[in-house]
Amino acid sequence: MEFIKQQPSSKAPADWFTGDVWWDVIVAGQQPSRMRANLVRFSPGARTNWHSHVLGQTLHVTSGIALIGTRDDTILEAHPGDTVTCPADEEHWHGAAPDRFMEHIALWEGRNDGTAETTWAEPVTDEQYNGPRTRNQ
Ligand code: MN
């Protein structure tokens, strides 16, 4: 076994995110592994654009308050220790609450043929972002 050489933190591109977001790659598996895991940090109010993942995605909140929204106007409010999964091709967004930093681990699978595993769309509007939330029971 060996340590994985960690890359510097990356600033999330403004084309895909609103507000300040940074990520660290935890692991990007070498083929035939398709393992992907990033630690992602969102500043208050920051969020992804609408997007979907070809093989779905699982989000595990480690700090702060996460908001995860879908096109049916559902917004899940997730707290540290909560895990939310999005099925393949379901459009969604994730981000921090307006008044808290948020950190989550994003887990998903790449593709062996090197084609895009995430499809990006337009930014989440303030109206969409500020919709009613559902808490974990
Ligand atoms: Mn996602």
Cα centre as origin, Lys/Arg/Asp/Glu Cβ charges: segment 1-80 dipole, Debye: 220 debye
Please compute the modelled spin-label separation between residue 136 and residue 54, points set 7 Å along Cα→Cβ, answer in nm with one decimal. 3.0 nm
Report the longest stretch of the chain that contains none of the trypsin sites (Lys or Arg not before Pro) sitting in a DSSP loop with at most 13 other Cβ atoms within 10 Å. 6-70
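Quick check for me: using +1 on Lys/Arg Cβ and -1 on Asp/Glu Cβ, what's the dipole size of the chain about its Cα centre, in debye to the nearest 20?
Dipole size: approximately 400 debye.
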So what are the radius of gyration and Dmax for the Cα set of segment 1-125, in Å? 14.0, 45
How far, in nm, would the chain grow between residue 20 and residue 88 when pulled straight, counting 0.36 nm per residue and subtracting the alpha carbon separation? 21.9 nm
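Roughly how many Å² is the accessible area per residue of segment 10-128, as a whole number, for a 1.4 Å probe?
With all protein chains present, segment 10-128 gives 49 Å² per residue.
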What does a probe at residue 27 reach in segment 76-117, counting residues whose amide N is under 14 Å from the point 7 Å along Cα→Cβ? 106-110
Percent of accessible area on segment 1-89 owned by carbon and sulfur, 1.4 Å probe? 57 percent
DSSP beta bridges in the chain, what fraction antiparallel, as a percent rounded to 5? 95 percent
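The values are calculated or read from the model by the stated rules, or taken from the named source; none is laboratory data. All values reported here derive from a predicted model rather than from experimental measurement. Glycine also receives a Cβ, built like all others from the backbone with ideal geometry; neighbour counts cover every protein chain displayed. Each accessible area value is taken on the protein alone, full model and side chains, heavy atoms only, with ligands, DNA and RNA left out. Shrake-Rupley method; radii C 1.70, N 1.55, O 1.52, S 1.80 Å.
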